[in-house]
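One structure below.
The values are calculated or read from the model by the stated rules, or taken from the named source; none is laboratory data. Only a predicted model underlies this, so the values are computations on that prediction, with no experimental measurement involved. Positions of Cβ are generated from backbone atoms using ideal geometry, with glycine treated the same way; all protein chains shown enter the neighbour counts. Calculation scope for accessible area: heavy atoms of the full protein, side chains included, ligands and nucleic acids excluded. Shrake-Rupley method; radii C 1.70, N 1.55, O 1.52, S 1.80 Å.
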Amino acid sequence: MPKEEVNNLALRRALFFPSAEIYANAPSGFWEFGPIGHAIRRRIIEAWRKELVEKEGMIEISGAQILPEDVFKASGHLENFNDPIVQCKKCHSLARADKLIADKIDDIVPESLATNELDAMIKDHQVSCPKCKGKDFDKVKKFNMMMGLAIGATGDQPAYLRPETCQSIFLDFKRLYKNWRGDLPLGIAQAGKSFRNEIAPRNTLLRQREFGQMEIELFFDPERIDEVPAFDSVSDYELNLMLVNSGKVQKISCKDAASKKIVSGKFIAYYIACVQQFYNKLGVPLEKMRFRGLDKDEKAFYAKETWDFEIETDLGWIELMACNYRTDHDLKGHAEQSKQDLSVNENGRKFIPHVFELSAGIDRTLYTLLDLSFRKEKRGKEERNYLKLPPRVAPFLCAVFPLVKKDGLLEKAKEIYKSLIDYGFDVFFDEKGSIGKRYARVDEVGIPFAVTVDYDTMEDGTVTLRSRDSMEQKRVKVEELSGLLWDLKSAQKSF
Ligand code: GAP
């Protein structure tokens with residue numbers, strides 16, 4: 001859906017809105033999630049937890065958001081987590097040099113290019129300041145994006161808000177490895193907030209300074225990168241791969257991707273397939289997704305191989321997940337800095353495990369699902385908007401409405417509402433306004449089913465069940481409602 005429609009819906013229904021918005025000087029890049037936005041966000045995390053973490057036998061942790069400086073010395077962030085910035089000499093506004101050039105030439109510009117190369121490109125392409133249109137810039141500088149703070153009353157312990165959730169996974173690896181199963185491969189996941197001092201936050205949730213990540217670090221023995229017991233289940237499954245600098249997506253089976261060394265091994269192909277299947281289950285059509293291979297200038301400093309998982313939206317292709325082969329970069333760095341042994345003893349060898357990472361943005365996933373699920377529909381003179389979200393990421397599975405508040409209907413509706421919650425469903429209750437308006441309100445935020453309690457309910461114990469997508473209605477016995485909702489939720493039945 002057009003960006004304006006997403007933003008209007010977000011503000012009108014308080015899905016998300018700027019933080020500290022009542023203060024005119026509040027910094028940009030921080031967002032609040034209202035009840036519906038927060039609920040969709042939770043569903044996305046729950047779906048990720050079920051489909052990737054639990055089904056694939058991984059474990060999940062929750063680590064600290066503030067970590068000491070030594071952690072980021074070891075990880076390389078202190079030295080390398082930089083954006084190239086440039087200042088306009090006329091209006092003094094700051095901008096990301098790579099993005100300015102990319103906007104001008106309509107192509108990707110690697111942020112890792114040397115500052116003098118970026119200076120030359122700004123000149124060659126006659127890039128102008130987006131604010132004042134001036135063409136005179138200072139030299140490009142590197143700016144570290146971590147948000148620093150000082151711990152304790154004396155403030156003598158430098159620390160940073162984590163710029164990615166995964167560093168605590170590396171720090172905790174040895175303990176979890178020993179305490180959990182004691183063998184590789186081991187997948188450790190974490191969902192939480194990350195913080196980056198973005199120079200130019202933009203497009204609401206797409207480039208924020210505080211944002212959600214769901215990250216998975218898969219620790220494995222590099223000598224067994226082609227030993228994946230479950231590989232047969234994806235062997236013929238086709239991945240949408242856009243090879244480095246190829247400019248086009250090719251459908252390549254997991255077995256070909258691994259055997260032709262398009263990816264480093266079966267381990268990588270298997271988990272890339274899991275990602276593609278996961279987003280497909282969230283309702284993203286296969287033709288709208290791709291894994292874009294990054295060349296050496298575009299990859300992060302810790303990655304040997306990167307596939308950016310991207311989805312096509314109204315704003316173009318958006319990167320939702322970075323799939324990074326980080327090798328032993330992080331564990332090795334932390335072992336050296338902390339002087340602790342982070343190696344394992346397996347298969348008759350002592351070695352530092354390698355890591356393949358699936359690092360997804362929660363808020364970018366939310367934005368993308370809104371964009372893809374928005375529908376505008378005209379039936380006769382009636383026009384309606386609805387979000388065609390799959391039940392598992394809808395904010396609530398169903399709504400319960402009393403037709404009117406009198407004659408015991410309100411109490412009966414509340415009773416049904418509470419019993420559905422007891423069954424474990426996420427349910428929304430609304431008693432205000434005409435029934436038509438209530439349907440329109442839940443359609444607009446993507447609630448797939450609505451249950452209406454009317455006078456017949458009091459007589460024969462049935463309710464009206466309505467489908468958001470088809471607007472069809474059917475009578476259902478109250479005692480059969482939970483079973484039917486369960487089947488509809490798990491797609492075992494269609495409406
Ligand atoms: N641990 C690896 C890592 O953090 P990344 O490519 O920097 O890799 C992973 O980030 C994902 O986090 C991105 O694909 C994106 O979905 C999300 N993300 C990164 N920066 C973001 C920002 N400023 N605002 C919103 N989401 C962001």
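Selection of segment 171-204 for residues being under 26 Å from Leu94 (Cβ atoms), open to solvent by 20 Å² or more (accessible area, probe 1.4 Å) and either part of a strand (DSSP E or B) or touching a Cys at 6+ places or on another chain (Cβ under 9 Å) (or both) yields Lys193, Arg202. The residues on offer are Ser259, Ser246, Ser235, and the sole one that is out of contact with any strand residue (DSSP E or B) (no Cβ under 6 Å at 6 or more places or on another chain), polar (S, T, N, Q) and under 21 Å from Leu52 (Cβ atoms) is Ser235. Screening the candidates Leu315, Leu286 for the property of being closer than 30 Å to Arg43 by Cα, open to solvent by 30 Å² or more (accessible area, probe 1.4 Å) and in contact (Cβ under 8 Å) with a residue 60 or more places away in the chain yields one hit, Leu315. For segment 454-475, the candidate set comprises residues that are β-branched (Val, Ile, Thr) and open to solvent by less than 10 Å² (accessible area, probe 1.4 Å); within that set, the residue that is nearest to Arg384 (Cα to Cα) is Val463. Within segment 161-179, being among the hydroxyl-bearing types (Ser, Thr, Tyr) and away from the ligand (no atom under 14 Å from the Cβ) holds for one residue alone: Tyr177.
For segment 14-38, residues that are open to solvent by 50 Å² or more (accessible area, probe 1.4 Å) and over 21 Å from the mean Cα position of the chain (by Cα) total 7.
Being within 19 Å of the chain's Cα centre (by Cα) and either open to solvent by 30 Å² or more (accessible area, probe 1.4 Å) or closer than 30 Å to Pro68 by Cα (or both) holds for only one residue in Asp371, Asp330, Asp363, Asp341, and it is Asp363. The numbered conditions (1) within 12 Å of the ligand (Cβ to nearest atom); (2) assigned to a strand (DSSP E or B) are all true for Glu312 except (1). Could you look through segment 180-224, keep only residues that are within 11 Å of Ile59 (Cβ to Cβ) and at pLDDT below 95, and pick out the one that is nearest to the ligand (Cβ to nearest atom)? That would be Trp180.
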